[in-house]
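The values are calculated or read from the model by the stated rules, or taken from the named source; none is laboratory data. Note that the coordinates shown come from a computational prediction; the quantities given were computed from them, not determined experimentally. Please note: Cβ atoms are built from the backbone with ideal geometry, for glycine as well, and neighbour counts cover all protein chains shown. Heavy atoms of the whole protein, side chains included, go into the accessibility calculation; ligands, DNA and RNA do not. Shrake-Rupley method; radii C 1.70, N 1.55, O 1.52, S 1.80 Å.
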Amino acid sequence: VSPSTGELIVPFYYTDTRKPTNGLFWVKKNGKWGCIDKTGKLRIPHLYDEATGFTAEDRSAVAIHSKFGHIDKSGKVRTPLTYDFASYYQHGLSIYQHGLSMVRMKDKYGFIDTSNRLIIPLIYDEAFPFDRVTTIVERYWLRYELSLDGQAQFVGFSFKLKALFIIAGLLIFIWLSSLVDELSSKFRAKVPRH
């Protein structure tokens, strides 16, 4: 709907929409996402099961049959849809010409640039996209603060490892408590009563 006139510009064809990014609107039809421009003209066909907004790098993360990659605003595939997951690109934070996208393959995370070059290898068990100049990643249940150049600084243990420490501590406490009760009972049995 035109904000100035209230006139209907795009008819009610779609089951879902997303806010516009860089002049395009993702719209869902028959369970698939495609893009229209502000006049309602279809710019990218309804092919995608998932889609994110276009970033300043002229990229959108998209998925077909659970395989992710990136396309540009013309619909051209820029990152082949081969990843198990791909995030948006975060512009303006990178030491590279453009931002980095977090990708996952075979349960490991890494980061690629807009040319699909692997900048940070697929070695992390958990990761978050770069929303700042650093992000948090996990490897072997240890947490690291990762910088854009791939340098990782240890910052602590993963929540899973912390949970194991708590459970182990609780089991040791229960065992020691029962041991103390047992020794206390034996000591009381040996002490003569007056």
**OP:** Could you check Val62 against (1) touching a residue at least 24 places away in the same chain (Cβ under 8 Å); (2) in contact with a Lys or Arg (Cβ under 9 Å, 6 or more places away or on another chain); (3) within 28 Å of Phe111 (Cβ to Cβ) and say which number it fails?
**Re:** (2)
Original post:
What strands (runs of 3 or more DSSP E) completely inside the stretch 1-52 contain at least 2 residues that are open to solvent by less than 30 Å² (accessible area, probe 1.4 Å), at pLDDT 95 or above and among the hydrophobic types (A, V, I, L, M, F, W, C)?
Top reply: 25-29, 32-36
Original post:
How about the stretch 78-167: which strands (runs of 3 or more DSSP E) wholly inside it have at least 1 residues that are farther than 17 Å from Glu57 by Cβ and among the acidic types (Asp, Glu)?
Top reply: 134-139, 142-147
**OP:** Would you please name the residue that is most open to solvent (accessible area, probe 1.4 Å), looking only at residues in the stretch 144-163 that are closer than 16 Å to Met102 by Cβ and not hydroxyl-bearing (Ser, Thr, Tyr)?
**Re:** Asp149
**OP:** From Asp107, Asp125, Asp84, grab the single residue that is of a type in the set (Asp, Glu), open to solvent by 60 Å² or more (accessible area, probe 1.4 Å) and within 14 Å of the chain's Cα centre (by Cα).
**Re:** Asp107
**OP:** Would you mind stating whether Leu171 is hydrophobic (A, V, I, L, M, F, W, C), farther than 21 Å from Ser60 by Cα and open to solvent by less than 30 Å² (accessible area, probe 1.4 Å)?
**Re:** no
**OP:** Take the residues in the stretch 141-155 that are modelled with pLDDT of 95 or more and aromatic (Phe, Trp, Tyr), then tell me which one is farthest from Pro129 (Cα to Cα).
**Re:** Phe154
